[in-house]
Amino acid sequence: MTVFNLGSINIDHLYRVDHFVRPGETLASTDYRTVLGGKGANQSIALARAGAQTQHIGAIGKGDVWVLEQLRDAGVSTDHIAQLDDASGHAIIQLTSAAENSILLYPGANHQLSNEQIDTALSNANKGDWLLLQHETNALAEAMEKAAARGLHIAFNPAPMVADAVKPLLPKIDLLIVNEVEAMDLTGTDSVADAEAVLQRDYPQLRILLTLGSAGVVHISPDGRISVPAYNVDAVDTTAAGDTFIGYCLAALADGQAVSDALRRGNAAAAVCVTRLGASVSIPNTAEVDAFLSEHQD
C-alpha cells in the first residue's frame, strides 16, 4: 500500500528560551537551529521511516531545494512537490526547558497547491491506498473527492483546528485524527469525555484516533473502543510527537496490523521522539522503535 500525503512543508526556526516571550519584551534565546518541519513533512518522514511507501504532495519556495534532499534521504518520494516563486512555509518556534512550545506559522507555498498537481499525483494511486491530509494546505476538499473516486482510504488530521472549516469535510473521510484540545474545539465541549460522546453521536461510522498526550491514545469505531497507554519517558521536546505517532500508526494500519498493535507502535515512536530536540530530525527509524518496544514489553 502507498500513502499519499497532501501536506505542509515548513522551515522551522527553533529558539530555546527560559520562558515564552511576553508582549513588549525582548528576550535572548540560548540556542537557535533551522530544521525541516511542518506537520505534512514530519508525517511523511515518520511514515517512510516506519516502512510505508510514501509520496508527498506539497510545495516549497524555489530557494529551498535542500528540503527535497532531506525528504528523499528519509525515504519519501518528492516527485509531486512543486517549486514555486512564493516563500516556503515557515515557523518561529519558542521552546522552553519544560519542553513546552509556542509556534508562529506563515503558510507560504503550502497554500499554493494546484488541482492539476493533485490530479497528477493521485493518478498513480490504487484502490486501497491511503490519502493523509492535515489542515495546513489548500485544496483539501478537492483532494478528498478525487481520492474517494479512486477508492482510497482517507485520513484527516485537522490541525490547526478551525471547526467551521473542518466540519464540512468530516463526511468525506474514513479516519479522523485529533488530540484532546482539537476534539473539544471541534465539538464545542469542555471535556474529552464529552467530545468523544459528541463525535460518536454525530459521526457514528467514522473511525477516530484521539491522542491524549501522557494519557495515551484511544481508537473509536463502530467496532468498539480501544485504549492504549503512553510510555513514560523524560521529554525534551514535544514538537513532532503527534506527527511521529500519526506516521507510525498509519503505516501500521495501512500494513494491515491490528489496531492495538498500531497504537502501541505509534506510542513507542512518539516516546522516542520526545527525548530528542527538533522536529523531523527527532523522528526515529524502525530499528529504534523496535528496540524501544523490546525494552518496554508488557
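The values are calculated or read from the model by the stated rules, or taken from the named source; none is laboratory data. If you're wondering where the values come from, they're calculated on a predicted model, not measured in any experiment. Ideal geometry is used to build each Cβ from the backbone, glycine not excepted, and the neighbour counts take in all protein chains shown.
The sole residue among ALA91, ALA98, ALA74 that is at pLDDT below 95, under 30 Å from VAL17 (Cβ atoms) and buried (at least 16 other Cβ atoms within 10 Å of the Cβ) is ALA91. Determine, yes or no, whether VAL17 is farther than 30 Å from LYS127 by Cβ, buried (at least 22 other Cβ atoms within 10 Å of the Cβ) and in contact with a strand residue (DSSP E or B) (Cβ under 8 Å, 6 or more places away or on another chain). Considered against the rule, which asks whether it is farther than 30 Å from LYS127 by Cβ, buried (at least 22 other Cβ atoms within 10 Å of the Cβ) and in contact with a strand residue (DSSP E or B) (Cβ under 8 Å, 6 or more places away or on another chain), VAL17 comes out as no.
The residue of region 131-151 that is surrounded by the fewest Cβ atoms within 10 Å (Cβ to Cβ), among those that are touching a residue at least 60 places away in the same chain (Cβ under 8 Å), part of a loop (DSSP other than H, G, I, E, B) and out of contact with any Lys or Arg (no Cβ under 7 Å at 6 or more places or on another chain), is ALA139. Annotation for region 263-281: no member residue is on the phi > 0 side of the Ramachandran plot and modelled with pLDDT of 95 or more. Looking only at residues of region 238-260 that are assigned to a loop (DSSP other than H, G, I, E, B) and modelled with pLDDT under 95, we find that the one that is nearest to the chain's Cα centre (by Cα) is ALA240. Considering the conditions (1) of a type outside the set (Asp, Glu); (2) in contact with a Leu (Cβ under 8 Å, 6 or more places away or on another chain); (3) free of Cβ contacts under 8 Å to residues at least 40 places away in the same chain; (4) over 28 Å from ARG150 (Cβ atoms), VAL65 is excluded by exactly one of them, (2). Return a yes/no flag: does region 201-208 have any residue that is part of a strand (DSSP E or B), touching a residue at least 12 places away in the same chain (Cβ under 8 Å) and crowded, with 16+ Cβ neighbours inside 10 Å. Yes. Taken across region 237-254, residues that are hydroxyl-bearing (Ser, Thr, Tyr), in contact (Cβ under 8 Å) with a residue 24 or more places away in the chain and surrounded by fewer than 22 Cβ atoms within 10 Å (Cβ to Cβ) do occur, with at least one present. Considering GLY128, GLY213, GLY188, the condition of being under 15 Å from LEU250 (Cβ atoms), surrounded by fewer than 20 Cβ atoms within 10 Å (Cβ to Cβ), touching a residue at least 24 places away in the same chain (Cβ under 8 Å) and small (Gly, Ala, Ser) is satisfied by GLY128 alone.
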